[in-house]
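These notes are about the structure you will find just below.
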Amino acid sequence: MTSRDDVLQNLSEHRQQKQQENMNGYETDKEDDVVARMKAMLQPIKYKGEIYYKHQGSNYKADEMLLKRIIREDPRTRTIKQVDEVYKRLMIDLIEQERGQAFPIVFKNGYLEDGQFAFTDDLPFSPHYINRRYNPAAEPVKAVDEYLDHISQGDEGYRKYIIEMLGYIFNTSLDFKERKGKVFFIVGDGGSGKGTLLKLISLLLGAENVSNVSIHEFEDGRRTTIMIGKLANLGDDIEDQPINAPVMKTLKNMATADTVNIRKLYKESESTIISATGVYTSNHILRSFEKGESFKRRVVWLPLTKKLQNKSSQFHKDLRSEEALDYLTALAIESLNKLYETELFSESETIHEFNKGYHEANNTAVAYLKELNYYDILGFTLKEVFQDYTRWCWDNSLAEMPIAQLSQEVKRVFDVDLKGFMVNVNGEYKGNLVRSRSIRDREERKTYRMFVKNSDLELWTHGTRAVWEESNRRSKLDIEPNAKPSDEVVSPFADEEKEGIPDYR
């Protein structure tokens with residue numbers, strides 16, 4: 001039989017169990033009520049694993065400790081455990097905003113979206129908040145104009161381009177980034193004002209809207225995570241190391257708002273969109289293994305050739321003042337409006353010449369072809385030209401490029417394709433019959449291994465002229481067999497001054 005003490009013990013345990021169940025239900029109801037109250041009062045949104053919320057009329061912010069203090073102020077959350085439980089439930093209930101979507105840039109008096117500023121007190125959610133009022137009629141600041149004049153060195157197009165670069169950074173439209181896709185490298189010696197420009201950009205956007213990841217850290221997925229949700233990534237004093245293929249891929253993907261590999265600590269690698277505009281400075285001209293047109297189109301090199309001398313501490317103070325930032329913001333947003341209308345950056349002779357020189361120096365095939373002319377290529381196969389090119393690289397201690405890249409550059413520079421092309425000669429398909437170049441036997445006919453893309457182009461061989469008509473492009477090419485060389489002949493490509501120049505605009 002059960003003793004009286006056992007019965008009392010069981011009864012006591014039963015009462016405690018029922019009391020705990022009631023307490024748990026009561027606590028659950030209280031916490032649910034607090035969660036509902038926090039949602040109504042703070043309008044929380046989850047982004048990048050954090051809770052953004054409004055508090056006492058402020059813009060959206062992500063301050064975990066402040067949020068927990070707000071929860072703690074509710075009389076129904078008396079313990080730290082209850083506060084943590086409410087916070088966890090908020091994290092579970094809220095739907096994560098997509099990290100790859102575009103958000104407007106919010107100012108104190110409105111927001112900027114798709115190049116247009118909307119003045120309003122009803123500010124939308126955005127991780128991009130600039131703690132400043134936008135004033136399109138901001139007064140000019142002398143220090144700002146002097147600094148822009150220093151950078152441009154009298155090139156008005158260069159001055160406009162720098163302002164347009166600032167405006168481009170204020171763009172958050174993924175479609176626009178995909179179309180334009182720009183990355184900016186500022187090159188100059190110490191004291192030229194590179195660091196000053198990066199500091200100005202950081203002040204314009206606010207520290208919360210910029211990251212500082214070097215391009216040589218892009219292969220570390222943990223570092224690229226830092227750039228998520230930023231307006232700009234500012235890399236100062238990039239080391240003099242070639243830009244390898246993985247780094248170049250990340251640069252180009254960021255420029256066009258494409259996916260980039262990231263890896264959070266203790267987690268698997270994943271892909272996400274990082275659209276921060278890259279602005280980097282270096283004392284050196286960085287070589288690249290990438291030679292293609294996409295690299296030339298997206299990466300813009302901006303030279304600073306003169307030192308920022310004889311500038312007082314007051315000048316630098318004025319340059320970073322609130323008035324200066326208001327003026328620069330007005331210039332930048334105005335230029336962004338222009339970019340949306342034209343989708344073209346301003347032309348600058350300084351930028352044009354510097355980028356042209358960079359890509360020629362970075363591309364040994366271009367440097368090799370600059371020492372040749374149209375006649376040096378005529379009559380040779382791609383393999384023969386490549387062999388001569390490799391010898392030239394060896395003699396000049398330069399790295400050679402693949403034969404496919406050389407073929408592309410020959411095509412671009414001389415508008416020819418070094419491939420076999422068959423024509424109908426008296427009912428029989430043969431290679432094109434033309435003379436070889438002058439150092440070979442002039443009386444010997446040789447198989448012509450070069451197909452001219454432009455069918456009505458005038459070909460010149462040792463002073464004799466043969467016009468390739470569209471009507472007979474598949475017939476025998478007539479050549480005077482005993483023609484003498486002429487000094488009056490000019491290459492049909494001699495006047496192509498801007499052929500193949502990278503589209504920095």
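The values are calculated or read from the model by the stated rules, or taken from the named source; none is laboratory data. Since the structure is predicted, the reported quantities are computational estimates derived from the model, not experimental observations. All Cβ positions, glycine included, derive from the backbone under ideal geometry; neighbour counts span all protein chains shown.
Among the numbered criteria (1) in contact with a Lys or Arg (Cβ under 6 Å, 6 or more places away or on another chain); (2) closer than 29 Å to Asn109 by Cβ; (3) not aromatic (Phe, Trp, Tyr), which single criterion is violated by Thr281?
Answer for Thr281: the failing condition is (2).
Taking Ile226 as meeting all but one of (1) in contact (Cβ under 8 Å) with a residue 24 or more places away in the chain; (2) assigned to a helix (DSSP H, G or I); (3) touching a strand residue (DSSP E or B) at 6+ places or on another chain (Cβ under 9 Å), write down the number of the exception.
Failed condition: (1).
Filter region 35-52 down to residues that are under 16 Å from Glu73 (Cα atoms) and either among the aromatic types (Phe, Trp, Tyr) or surrounded by 17 or more Cβ atoms within 10 Å (Cβ to Cβ) (or both) and give me whichever is farthest from the chain's Cα centre (by Cα).
Val35
Can you tell me which residue among Leu198, Leu148 is part of a helix (DSSP H, G or I) and either under 21 Å from the mean Cα position of the chain (by Cα) or buried (at least 21 other Cβ atoms within 10 Å of the Cβ) (or both)?
On inspection, the qualifying residue turns out to be Leu198.
Of these, Ser407, Ser397, Ser335, which one is outside any helix (DSSP H, G or I) and among the small types (Gly, Ala, Ser)?
Just a single option satisfies the conditions, and that option is Ser397.
In this structure, is Thr381 of a type in the set (Ser, Thr, Tyr) and under 32 Å from the mean Cα position of the chain (by Cα)?
Considered against the rule, which asks whether it is of a type in the set (Ser, Thr, Tyr) and under 32 Å from the mean Cα position of the chain (by Cα), Thr381 comes out as no.
I'd like the full set of residues that are part of a helix (DSSP H, G or I) and free of Cβ contacts under 8 Å to residues at least 40 places away in the same chain, limited to region 303-332.
Across region 303-332, the qualifying residues are Ser313, Gln314, Lys317.
Which of the following residues is of a type outside the set (Ser, Thr, Tyr), closer than 15 Å to Thr277 by Cα and touching a Gly at 6+ places or on another chain (Cβ under 7 Å): Val210, Val183?
Only one candidate qualifies: Val183.
Being within 19 Å of Leu204 (Cβ to Cβ) and either surrounded by fewer than 21 Cβ atoms within 10 Å (Cβ to Cβ) or free of Cβ contacts under 8 Å to residues at least 40 places away in the same chain (or both) is the filter here, so list the residues in region 164-175 that pass it.
Ser173
Within region 278-327, how many residues turn out to be closer than 24 Å to Asp149 by Cα and either buried (at least 19 other Cβ atoms within 10 Å of the Cβ) or of a type in the set (D, E, K, R) (or both)?
Counting residues in region 278-327 that are closer than 24 Å to Asp149 by Cα and either buried (at least 19 other Cβ atoms within 10 Å of the Cβ) or of a type in the set (D, E, K, R) (or both) gives 25.
In the list Asp93, Asp63, Asp32, which residue meets the criterion of being surrounded by 11 or more Cβ atoms within 10 Å (Cβ to Cβ), modelled with pLDDT of 85 or more and either within 30 Å of Asn253 (Cβ to Cβ) or not hydroxyl-bearing (Ser, Thr, Tyr) (or both)?
Answer to the check: Asp93.
Out of all the residues in region 109-132, which are outside any strand (DSSP E or B), touching a residue at least 40 places away in the same chain (Cβ under 8 Å) and more than 14 Å from Glu208 (Cα to Cα)?
Asp114, Gly115, Leu123, Phe125
Is it the case that Ile351 is within 26 Å of Ile285 (Cα to Cα), touching a helix residue (DSSP H, G or I) at 6+ places or on another chain (Cβ under 9 Å) and in the same structural domain as Lys177 (by TED's automatic domain parsing)?
The answer is yes for Ile351.
Do the conditions hold for Lys68, that is, is it surrounded by fewer than 17 Cβ atoms within 10 Å (Cβ to Cβ) and farther than 15 Å from Met91 by Cα?
no
Which of the following residues is free of Cβ contacts under 8 Å to residues at least 12 places away in the same chain and not in a loop (DSSP other than H, G, I, E, B): Arg179, Arg159?
The unique qualifying residue is Arg159.
Out of all the residues in region 338-350, which are over 25 Å from Lys199 (Cβ atoms) and part of a loop (DSSP other than H, G, I, E, B)?
Scanning region 338-350 gives Glu343, Leu344, Glu347.
In region 179-195, which residues are among the charged types (D, E, K, R) and either modelled with pLDDT of 90 or more or crowded, with 22+ Cβ neighbours inside 10 Å (or both)?
Matches in region 179-195: Arg179, Lys180, Lys182, Lys194.
Those residues that are basic (Lys, Arg) and either in contact (Cβ under 8 Å) with a residue 40 or more places away in the chain or in a helix (DSSP H, G or I) (or both), I need them from region 64-91; list them, please.
Within region 64-91, Lys68, Arg69, Arg72, Arg76, Lys81, Lys88, Arg89 qualify.
Given the structure, is Ile228 under 19 Å from Ile186 (Cβ atoms) and β-branched (Val, Ile, Thr)?
no
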